[in-house]
Amino acid sequence: MLLQQLINGLTLGGVYAIIAIGYTMVYGILELINFAHGEIYMLGAYLAIIFLGLFTAMGLTATSLPLALILTAILTIIFCSAYGFTMEKVAYKPLRNAPRLSPLISAIGVSIFLQNYVMLTQGATDKVFPQRFGEAGFQFMNVNVTYLQAMIILVSGLLMFFLHLFIHKTRMGKAMRATAQDKTMAALVGINVDSIISVTFIIGAGLAAVAGIMVASYYGLVNYFIGYIAGIKAFTAAVLGGIGNIPGAMLGGIILGLVESTGAAYISSEYKDAYAFIILIVILLIKPSGILGKTTEEKV
Amino acid sequence: MLKLTSVHTSYDHIKALKGIDIEVDKGEIACLIGSNGAGKTTTLLTISGILKPDSGEITFEGEPLKNISPHNIVNKGICQVPEGRRVFPRLTVLENIEMGAFGAKGKNFHRNLEKIFLLFPILKERKNQMGGTLSGGEQQMLAIGRALMANPKLLLLDEPSLGLAPIMVSKIFKTIKEINEEGVTILLVEQNAKAALRLSHCGYVLENGTIKLHGSGEELLHNEDVKKAYLGE
Ligand SMILES: Nc1ncnc2c1ncn2[C@@H]1O[C@H](COP(=O)(O)OP(=O)(O)OP(=O)(O)O)[C@@H](O)[C@H]1O
Ligand SMILES: [Mg+2]
């Protein structure tokens, strides 16, 4: 029973973690809570449904399901990254030197705009993911793990692993960390800060897209509102781990997923969505800098 | 090589530079001295493109730097060791040095790295330590080393001796001289006016955002006003 909940929690937690990374990366560089980030995840879920629907209509799903899924994922990631890139250029870049409240309001505006845009173009009712994966799976230490769950855990784990490598081992990744620590100095060593910011939004949006695809296939249903609640949960995960801290976002996401699934099983599933808020309140009261965050970060 | 003509720079409503003219020739060490708040840091940040001048012109090797973004100014060969060192605190010493080479895209990387480790052996010992955990003097060495990684033609140094022990101060000045002898032109901002003027081919005295005096290092060292105001004689 507990182990079953751990598997469920890990599935959920992996998704929260990869959305939370997008919040935390943007915050790390711009000190902006990108409230529209959850909408990118929502767009990812819709785009996955649209593209997979297209491939089903073309007959590709019937002939080769893996190919159809991979193409769907690639297209969805590309589109979401383009949304993330454009969002930054249109809504945040012009406000780079404005008071801190302005980009925050702009973020809320983008969020409302994207929700309504999807509602108008896709309708206000739930959309169904064209492919059902069902309960097929395997036994692992007496626990049922569906293939889809295993896939979600594996994909989010791999994405986090490669992101970690990227941030720590590549020239671009190191430049991202340098920019997060001191933008002026980054410019003074020849780093193009604007392109680092763009790359940050592109990576964050790409990860959110993957989360959207996975959730759409896991639950089978999406609506234009899912970005809001997922956004708040991922934001909670980011704060829990320490906003601005990438390993923190990963840890926060996993913890939140585990709390939700065990809480739903042992306390009440009615309050499933409330656990995130309880955690958020508690962490803000006890340790606002989060588990891995530094207390009162020095910012030059 | 570098020429500032009637440069004005302001912060919101504070006019920090009120039309300054500075000329630095290739291969020389020029220094900029002046009291606190005179506008020295503002001058260097304006040259690097971090601050945009309200008016006036800055040219480097004959080319105007107007509308060139800071990272491209670095690519043109102007590097700065800014006030307060600004070592990346949560990057290791080696990563800090690598970031210095960001614009240079790996050109001469290993040769420069060896040169820097030879110049500052302590950096080699500490290469896997976080930048923020170095002592002040070590951070200064790292900041200078980092700037040298970019193969600069012109190096801007903002108070490199600030807060250092006397023995480190003379080491830093010696290093500046060595760097210059290897062909790097230097614009040095210093509170330590005597040592700076001794080292420099020419000097500028900045007061309240305007250039009050300029001349060769030797001339300024013997100027009565400079002696009184900056050399404490
Ligand atoms: N970010 C800022 N906002 C507003 N005013 C500023 C800012 N930075 C500097 N100033 C003002 O501009 C003037 C010049 O400052 P600057 O830092 O260039 O002086 P400085 O000559 O480098 O002094 P110091 O020797 O103390 O470093 C000062 O009056 C200072 O108060
Ligand atoms: Mg200064």
* Asked: Cα centroids of region A:171-209 and region A:231-278: how far apart, whole angstrom?
  -> 27
* Given the protein chains as shown and a 1.4 Å probe, how many square angstrom of residue A:280 are accessible, to the nearest 10? -> 30
* Placing +1 at every Lys and Arg Cβ and -1 at every Asp and Glu Cβ, with all other atoms neutral, what dipole size does chain A have around its Cα centre, in debye to the nearest 20? -> 620
* Which value, in Å² and to the nearest 10, is the accessible area of residue B:6 when all protein chains are kept and the probe is 1.4 Å? -> 50
* To do: For A:111, B:216, write out the residues from largest to smallest accessible area, computed with a 1.4 angstrom probe and no ligands counted.
  => B:216, A:111
* Per residue, how much accessible area does chain B have with a 1.4 Å probe, in Å²? -> 44
* To do: Roll a 1.4 Å probe over the protein chains and send me the accessible area per residue for chain A in Å².
  => 45
* residue B:213's amide H: which non-local residues (gap 5+, or another chain) put their own amide H closer than 5 Å, with H modeled 1.01 Å from N in plane and none for Pro or chain starts? -> B:205
* Asked: Semi-axes of chain A's equivalent ellipsoid from the Cα gyration tensor, sqrt of 5 times each eigenvalue, largest first, rounded to whole Å?
  -> 30, 24, 19
* What residues does region B:70-117 have that are buried by at least 40 Å² of accessible area in the full protein assembly compared to the chain on its own, 1.4 angstrom probe? -> B:71, B:74, B:86, B:88, B:90, B:91, B:95, B:99, B:102
* Structure fact -> Taking B:22, B:14 and ranking on accessible area (1.4 Å, protein atoms only), highest first, one gets B:14, B:22
* Computed accessible area, residue B:61, all protein chains, 1.4 angstrom probe, square angstrom -> 100
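Once you have a ≥ b ≥ c as the square roots of the Cα gyration tensor eigenvalues for region B:1-66, tell me rounded if a/c is under 1.5, and otherwise prolate or oblate according to whether a/b is larger than b/c. Walk me through the numbers before you get to the answer.
On the way: a/c = 2.16, a/b = 1.30, b/c = 1.66.
Note, shape of region B:1-66 comes out oblate.
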* Structure fact -> Of the accessible area of chain A, computed with a 1.4 Å probe and all protein chains kept, carbon and sulfur make up a percent value of 72
* **Cut-off under 5 Å, modelled amide H: who pairs with residue A:32 long-range** => A:27
* To do: Over the Cα atoms of chain B, compute the convex hull volume and normalise it per residue, giving Å³.
  => 117
* Structure fact -> In chain B the accessible area split gives carbon plus sulfur, as whole percent at 1.4 Å, a share of 51
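At a probe radius of 1.4 Å, figure out the A/B buried accessible area, summed over both chains, and give it in Å² to the nearest 100.
2100
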* Structure fact -> In whole Hz, the Karplus estimates of ³J(HN,Hα) for region A:244-256 (6.51, -1.76, 1.60; θ = phi - 60°; x where Gly or Pro) are x, 10, 5, x, x, 5, 5, 4, x, x, 5, 4, 4
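The values are calculated or read from the model by the stated rules, or taken from the named source; none is laboratory data. Note that this is a predicted model, so its numbers are computed, not measured. When we count neighbours, we look across all protein chains shown, and the Cβ atoms used for this are built from the backbone with ideal geometry, even at glycine. Please note that ligands, DNA and RNA were not included when accessible areas were found on the heavy atoms of the full protein model with its side chains. Shrake-Rupley method; radii C 1.70, N 1.55, O 1.52, S 1.80 Å.
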